[in-house]
Structure formats: structure tokens, C-alpha cells
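These notes concern the structure reproduced below.
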Amino acid sequence: MDAAEVEQFAEFVRGRGPALQRTAFLLTGDWGLAEDLLQTALAKTYLSWGRIRHRDPEGYVRAVLANTSASAWRRRWKGELPTYDLPDRPGPDGWAGTDDRVRLAAALGRLPRRQRAVLVLRFHEDMTETAVATALGCTVGTVKSQTAKALAKLRADPALAPDDTLTSRS
């Protein structure tokens, strides 16, 4: 859009905005939702302004308001409900597992290559001991002993020790 079209759009919004907001309110029944609906409708209209400005732009905006309102009503998320009763404890931390994965990856990196390969193939790839032995070109006994040694090193790794900071705050 050129500067003249942008100014025409701005003038349209200044002139018809309050009436369109009332229409949005009648569609939503809430002034806050009406403001959001009108803003969305005007953003969609702005993208089409060059095509519709000489026709009936107000009718176009009203149609966008109605269609956007109907679409929003159909997909409205109903998972959040206001309540006066707050939970006793905070919910689970969605990022807590990330720290564990980073520490585990670092601990795996400290293992010797063969032990790391055995653990990755055995537990991450869910391969049998025989399949791991075939893949690494060693015996099943070697896979078993390397697995035991690697797990012992991981159990002894201080970076993987349980984090007791949450329980000691009480």
C-alpha cells in the first residue's frame, strides 16, 4: 500500500471504529473481547484494503467481524476456568526434565566411547545384548560387562545425584 491508501485506511478506522466496536461488542458480549475481535478484523481488512476500499469497506469489516467471531467461538479454548480455590502445590515443572537430560548427556560424554556406545544402543535404541554385540563386533559377555561398568560410573557421577534442594527448603 502507498501512503495515500494507508491514510485512507486510518481515516476509515477513525471514522467508523466506534460503530464497528459496538458491532463487535454485540457479537461477543464483552468489551475486552470486542476490542480483540475488532483489532483482528481490522488487521485482516488492512491486508485487503487496496482491493475493497472503493467498494463497501464497512460491510466487508462487518462480515470479517462476524466470520472471525464465529470461528473464534468454534475453537475457543475452555481449559481455563476462574476459581477462588488455589491449588496447595504448584504444578509440575515442564522444564525440569530438560536439566536432567542435559546432565545425563554430559555424564554420557564422560564415559569411554565403548561404554557410551553400549548404553546408547542397549537402552536408547532398545537393542538386545546380542544385537549390540553384533553391531560393535564383540561378544555378548563384553556387552554385559561394559553395560555394568557404564551404569556403575553413571550411578557414581556426582552430576547425576538427586537434587535435594526442593525438599530441604521446608
Please list, ordered by first then second residue, the pairs with beta carbon atoms under 7 Å, 6 or more apart or interchain, first in the range 113-134 and among the polar types (S, T, N, Q), second buried (at least 17 other Cβ atoms within 10 Å of the Cβ).
GLN115/GLN146; GLN115/ALA150
Between residues in the range 81-105 that are within 16 Å of ALA161 (Cβ to Cβ) and of a type in the set (Asp, Glu) and residues that are at pLDDT 70 or above and assigned to a helix (DSSP H, G or I), which pairs lie under 9 Å by C-beta distance while being six or more apart or on different chains?
ASP100/LEU160
In the range 125-152, anything β-branched (Val, Ile, Thr), over 41 Å from the mean Cα position of the chain (by Cα) and part of a loop (DSSP other than H, G, I, E, B) is listed as THR139
Here is a list of conditions, (1) in a helix (DSSP H, G or I); (2) without any contact (Cβ under 8 Å) to a residue 24 or more places away in the chain; (3) of a type outside the set (D, E, K, R), and SER69 meets all of them except one; can you say which number that is?
(2)
Give the number of residues within the range 66-102 that are of a type in the set (A, V, I, L, M), at pLDDT below 75 and over 30 Å from ALA24 (Cβ atoms).
2
Go through the range 24-45 and give me each residue that's within 29 Å of ASP2 (Cβ to Cβ) and in contact (Cβ under 8 Å) with a residue 40 or more places away in the chain.
ALA24
Residues (within 25 Å of ASP100 (Cα to Cα) and surrounded by fewer than 16 Cβ atoms within 10 Å (Cβ to Cβ)) located in the range 113-148
ARG113, ARG114, VAL120, PHE123, HIS124, GLU125, ASP126, ALA148
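The values are calculated or read from the model by the stated rules, or taken from the named source; none is laboratory data. Keep in mind that what you see is a predicted model, and the values were worked out from it rather than measured. Ideal geometry is used to build each Cβ from the backbone, glycine not excepted, and the neighbour counts take in all protein chains shown.
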